[in-house]
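Engineer: Input: one structure, supplied below.
The values are calculated or read from the model by the stated rules, or taken from the named source; none is laboratory data. Given the structure is predicted, the values throughout are model-derived calculations rather than measurements. Counting neighbours? That spans all protein chains shown, and the Cβs are built from the backbone with ideal geometry, glycine included.
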């Protein structure tokens, strides 16, 4: 029985320090012979099928024993005070851990991309965010998107199943989907609607999407569980999760706070949509990157301590 | 932890509410003193002594008199020859008296002195009399102009009582001048034109809001000057120069523009003086030039408060004669200008004047005339004090104060200011009489005159002080006790809320709920954050003006967080369930997602409906688009919203658990009312004849009656009808368990039915009352509130009840602004408050105005009944009191507590801001709204609480009776 088998494996894994969040990884590692659900999750040749299968698999699992698993995992956590993430079982390394220096480097590359886009805007094109918000935003995202996609596609989760190019393509798709998502969110929160704002909103949402959706899409693809974990629960595990989760949340929260000066009657041009929101988002993004670096450093050092 | 009993809880909550009401009324009466103003206009009766009876004034038909006749009548009655024929009133906005007269006996700085050489020379030659005229706060132009012309110190509530019109209705000298046939010319600030519409023969008004312009505003005044000064057809010329105030706003007192501006003003004074007063051509008559400023300014140029710099305004009288007194450092009150001018020009003193005349200006004058002007001023002040005196024995000015020491002269009275002033008047009147008799006998000495004048002065000073104190004093004790009471009640309500919250949601074991707790905290934290943000924003005048953005932003954020939470609770596997939503769990999530989508989208549409606030009203919004697109569009949206509301209503009624003929009857009657409203909307709304047309008001009254009867009838009858219906169906199996389940279902059904009735009744009334463009927002609001209730009822225990009720409250507040309301009094729809009222009734139209303005918060509060009906009621709760406390007390506490927090916070902020520039224009109107919101919340909670209590007790009573009959 596949399900029974998986559950028993799962329990074993739990005892050895795994959390229920990685149910699908265990499913993937079950042998193909004894289960109809043996198509690996991240076979990207058939991404949709594998995805659906994995989902149904999990839902079957859940109905039976989710409560138990939750309980167990909670107890495990309490005992161990912090979770051991390192996947030692081999196979598809689900949680890749990057060294802090690599994290720092990639964040620096993103930051430099951002800074160079600003530099280009002021010195080459002589435009700035306040006077020409739409064109400046376009310039920023045009420079930042390739940087982010090319960089994060290196860290794609399903290293073995999908090629680098595929990850890049996913990133581009994520850019569009994320832009729609962010534009909707901004409009719901009160961004002005109108033809004169269309370009600004479009470029702003593309930039926001670059900060939030693009890295996630490049790394996770269409894995609902990962997306759910990162964006709905904000529970990163492993350094890549931190690298995606914290800057994205930073950008969104920063943008939210950036909207605060807008109703004040200071009569400054930067109070217009979306200038101060962009500033807030960029500051939040930078803070998020810094925080993610700190988390990774802390994380690694605590792991070393535990290892000893 | 001992749980509260229901009685104790009710008593505590009621005590808190009573405390809140008491504290609020104490504060309001302390902060906004009500000054009993006399209506009407002074006429010839003011030249007669106030008689002993209250209303002896015989209403002579004075309107028949020709202005010239009136003028001679006044002169004859007053027996004073006017000293001047023409008046030039030059108002220099914002000029501190310090600039001209110096401070504390010191001359002004040499720079300022050099800037106004001509004026200084006039002062030095004693051609002019200058005074520091103390202005009362608020030191902004409009109230100051009122004070100068009426002599009264206005209260804020004046604005409320006539917010309909800006015209000055009180008795004032401009009106008095007009009555005696003066021709008047006004150049300058258009505030004068708003205050005195139609009184000016010629005028050129300039707007006072474009502060950056310091040159053109004054040029627009001065360009007419040469023409006006040489024409002889006017008696009063008003020049209002705004430039100096603008200079102050831009650069403060020491702005580099200040010197040139003062020089310009000096040139104007020189020009007037040389051309009219100095020359004194015989055909122009004797002209008096009065240079006044309405208020001063702070170092940085702001004004509005009550600091010395702001209240130190100028009064400079430049006449043709050398005066013997040089009074450059005397301090008068700004209100003294009105009686002085009135007496100088021989018109009656305005009725509500609280000032006393400036004696120096009347010199040289004959003795009996001097005493006569003092007497006239005293009579007028005495009339006013009589009218304002609290005891009803008006007119009997008995001296009740005890004379402390006869030897120490006039200052020797003890007692209240009121008693002293009447004693002083009697003294002065007696001295005047004796002077008169001696005068006839020609044995009068200078001492007699002096003592009479002194006595009159004493009385005038006392009475004036008494009157102005009543208007401006803020009784600290009253304010403090009011705030303390409100704070206490706020603490009580919050305490009760926390206690009940602990009882209803006992703390779970921490080991299991770490994860769960984290998930649900964000929404709860946000509920608190909304309050904190709103409270903090109240301190900023621009955020008070643009409050709608905050409510919308925070409410949308709150619902987006709920959206995230919903997705969160949808476990990984739920996505597939969502895709083929056949499973129960996924279905539930899907419903939740859909309701949140409905809420956020309609929130956004509502936000775009009216571009509210103050600063961005010119930006396009949906209502403006619709109005531009023409009436067809508005009409179709109107019809759409009426149909939407009716169909929502029918749908809501049809999902009731118990199907019976009663429900069908109710549905049919709602359909009936809906059709009536639809017909009304089609026929009358937007046609412009609503309020006046007879048929329209008849139809509106028909709808009112029908709706009120239907709603009350349904609510009162529902427990009886629904339980009787149960008797027939379930009589045979009456085990106690089934019985209690039955009872529960009956209660829930009744509550649901009443909640539906309330909400739709209110909505249908609103469809009738709101302006045509606002019908769609009403139906969107209804949809939002239904969706919120629906979301919470499908969210199980995930959404705590207090979060749900807070969300309803926030939706109500956000909707309040979406209907076009702002925090200024200007957006109150007065015209529509007369729909369906045949005769003018302040009470009825007030109620309708309240209903129109508070449509949205009230709808949200009424939605609480339906929300309560969706909650799980614990059938094992044997004690009806306990049951009531849990299902009714807790939700009712939420809006009370939220509102009390806002009320207390804003009250404290208002007190802190009492010297702020915008206290009267921004903060006080907002406070009125906060107070009325409190009234709205109290009313709504009262309705909800009484309905739920009635339904539950009636249903339990009926259930027990049935049970007895069954067994």
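Engineer: For the range B:754-772: of the residues being at pLDDT below 90 and part of a helix (DSSP H, G or I), which is surrounded by the fewest Cβ atoms within 10 Å (Cβ to Cβ)?
Structural biologist: If we take residues in the range B:754-772 being at pLDDT below 90 and part of a helix (DSSP H, G or I), then B:772 is surrounded by the fewest Cβ atoms within 10 Å (Cβ to Cβ).
Engineer: Give B:641, B:623, B:647 a once-over and let me know the one that is part of a helix (DSSP H, G or I), within 26 Å of residue B:559 (Cα to Cα) and out of contact with any helix residue (DSSP H, G or I) (no Cβ under 7 Å at 6 or more places or on another chain).
Structural biologist: After ruling out the rest, the residue left standing is B:647.
Engineer: Go through (1) at pLDDT 80 or above; (2) within 9 Å of another protein chain (Cβ to nearest Cβ); (3) more than 30 Å from residue B:900 (Cβ to Cβ) one by one and return the number of the condition residue B:560 breaks.
Structural biologist: Tallying (1) at pLDDT 80 or above; (2) within 9 Å of another protein chain (Cβ to nearest Cβ); (3) more than 30 Å from residue B:900 (Cβ to Cβ), residue B:560 fails exactly one: (3).
Engineer: Is it true that residue B:942 is surrounded by 18 or more Cβ atoms within 10 Å (Cβ to Cβ) and under 25 Å from residue B:821 (Cα atoms)?
Structural biologist: Against the criterion (surrounded by 18 or more Cβ atoms within 10 Å (Cβ to Cβ) and under 25 Å from residue B:821 (Cα atoms)), residue B:942 does not qualify.
Engineer: Against the definition (at the interface with chain B (Cβ under 10 Å from one of its Cβ atoms), surrounded by fewer than 24 Cβ atoms within 10 Å (Cβ to Cβ) and either over 26 Å from residue A:197 (Cβ atoms) or more than 17 Å from the chain's Cα centre (by Cα) (or both)), how does residue A:273 come out, yes or no?
Structural biologist: no
Engineer: Also, I was wondering about something else. Working only within the range B:603-615, note down all residues that are at the interface with another protein chain (Cβ under 8 Å from one of its Cβ atoms) and either out of contact with any helix residue (DSSP H, G or I) (no Cβ under 9 Å at 6 or more places or on another chain) or closer than 20 Å to residue B:638 by Cβ (or both).
Structural biologist: Across the range B:603-615, the qualifying residue is only B:608.
Engineer: Inspect all residues belonging to the range A:279-296 and state whether any of them is surrounded by fewer than 16 Cβ atoms within 10 Å (Cβ to Cβ) and over 16 Å from the mean Cα position of the chain (by Cα).
Structural biologist: yes
Engineer: Continuing with the same structure: If the Cβ limit is 6 Å and pairs must be 6+ apart or interchain, which residue in the range B:209-230 that is surrounded by fewer than 16 Cβ atoms within 10 Å (Cβ to Cβ) pairs with which residue that is at pLDDT 85 or above and in a helix (DSSP H, G or I)?
Structural biologist: B:211/B:246
Engineer: When the range B:570-602 is examined, which residues are found to be surrounded by 17 or more Cβ atoms within 10 Å (Cβ to Cβ), at pLDDT below 90, at the interface with chain A (Cβ under 9 Å from one of its Cβ atoms) and part of a helix (DSSP H, G or I)?
Structural biologist: Scanning the range B:570-602 gives B:574, B:575, B:576, B:577.
Listed here are the residues, each with its yes/no results for (1) closer than 30 Å to residue A:127 by Cα; (2) touching a residue at least 60 places away in the same chain (Cβ under 8 Å); (3) within 14 Å of another protein chain (Cβ to nearest Cβ).
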| site | (1), (2), (3) |
| --- | --- |
| A:208 | yes, yes, no |
| A:219 | no, yes, no |
| A:225 | no, yes, yes |
| A:267 | yes, no, yes |
| A:280 | yes, no, yes |
| A:289 | yes, yes, no |
| A:300 | no, yes, no |
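Engineer: To continue, here is another question. Among the residues that make up the range A:184-198, is at least one of them crowded, with 21+ Cβ neighbours inside 10 Å and away from chain B (no Cβ under 14 Å)?
Structural biologist: Taking every residue of the range A:184-198 in turn, none turns out to be crowded, with 21+ Cβ neighbours inside 10 Å and away from chain B (no Cβ under 14 Å).
Engineer: Kindly indicate whether residue B:454 is surrounded by fewer than 20 Cβ atoms within 10 Å (Cβ to Cβ), under 28 Å from the mean Cα position of the chain (by Cα) and either assigned by TED's automatic domain parsing to the domain that holds residue B:906 or modelled with pLDDT of 80 or more (or both).
Structural biologist: no
Engineer: Answer with yes or no whether residue B:942 is in a helix (DSSP H, G or I) and out of contact with any strand residue (DSSP E or B) (no Cβ under 6 Å at 6 or more places or on another chain).
Structural biologist: When the stated conditions are applied, residue B:942 passes them.
Engineer: Same structure again: What is the number of the single condition among (1) facing another protein chain (nearest Cβ under 7 Å); (2) closer than 30 Å to residue B:590 by Cα; (3) surrounded by fewer than 20 Cβ atoms within 10 Å (Cβ to Cβ) that residue B:542 does not meet?
Structural biologist: Evaluating residue B:542 over (1) facing another protein chain (nearest Cβ under 7 Å); (2) closer than 30 Å to residue B:590 by Cα; (3) surrounded by fewer than 20 Cβ atoms within 10 Å (Cβ to Cβ) leaves (2) as the failure.
Engineer: OK, next. Being under 13 Å from residue A:204 (Cα atoms) and in a helix (DSSP H, G or I) is the filter here, so list the residues in the range A:259-284 that pass it.
Structural biologist: A:275, A:276, A:277, A:278, A:279, A:280, A:281, A:282, listed by residue number.
Engineer: Further question on the same structure: With the checklist (1) away from chain A (no Cβ under 14 Å); (2) surrounded by fewer than 17 Cβ atoms within 10 Å (Cβ to Cβ) in hand, flag the one item residue B:618 doesn't pass.
Structural biologist: (1)
Engineer: Tell me, yes or no, whether the range B:234-252 has at least one residue that is more than 25 Å from residue B:113 (Cα to Cα), over 36 Å from the mean Cα position of the chain (by Cα), in a loop (DSSP other than H, G, I, E, B) and touching a residue at least 24 places away in the same chain (Cβ under 8 Å).
Structural biologist: Yes, that holds for at least one residue.
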